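Please read the structure below before turning to the comments.
What follows is calculated from the coordinates using simple rules that are stated; it is not laboratory data. Bear in mind that the values here come from a model prediction, so they are computed numbers and not experimental data. Ideal geometry is used to build each Cβ from the backbone, glycine not excepted, and the neighbour counts take in all protein chains shown.
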Amino acid sequence: MTVVDTGLAGEYAAIYAYGAVAVHLSGAPRDLAEALEAEHRERRDALLDFYDEHGLEAVHAEAAYDIEPIGDAATAQALLLDVEERLTTTWRAGVASEDPAEREICLNMFMASATALARWRVVLGEPTAVPWPGRPSE
């Protein structure tokens with residue numbers, strides 16, 4: 001499995017998570033969740049185009065994804081923030097690819113993912129100045 005495969009699987013999971021938990025949100029967090037779900041769908045489509053253009057077979061979405069039960073807005077927001085952090089980490093890893101086409105798509109996805117992560121942090125009132133979004137904590 002390549003890093004692009006892992007990233008595409010993450011985009012599928014993100015779409016599922018946003019669809020499953022956005023109902024628990026309202027106001028600015030709900031608006032952002034809806035916008036980011038649409039962006040994840042656009043990224044998924046761009047990745048599927050990448051696979052088609054390079055004659056590759058894309059991984060398929062799972063029928064469902066295992067997420068913890070969500071009972072309130074705080075839990076929903078925490079889950080979606082975690083989704084964005086994980087995706088940013090995944091795409092950051094792909095920037096090191098030796099394949100120029102793979103590196104380019106991973107860089108584009110990393111930038112989009114880091115931006116989404118920062119947007120969530122703003123809505124949640126967290127600091128957004130993270131020098132390397134997606135870099136694992138030490």
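Values computed for the structure shown
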quantity: Gap separating the Cα centres of the range 83-120 and the range 51-82, nearest whole Å; calculated: 15 Å
quantity: FRET efficiency, 1/(1 + (r/R0)^6) with R0 25 Å, evaluated for D82 and H54 via beta carbons; calculated: 0.25
quantity: Mean separation of Cα contacts under 8 Å, 6 or more apart, over the residue count of the chain: relative contact order %; calculated: 30 percent
quantity: Counting all C-alpha pairs of the chain, share separated by more than 23 Å (%); calculated: 32 percent
quantity: Span-like helix ranges in the chain, DSSP H, alpha carbon extent 18 angstrom or more, Kyte mean at least 0.5; calculated: 3-21, 100-124
quantity: Under the Debye formula (equal points on every Cα, no solvent term), log10 I(q)/I(0) of the range 1-61 at q = 0.12, 0.14, 0.25 Å⁻¹; calculated: -0.33, -0.43, -0.96
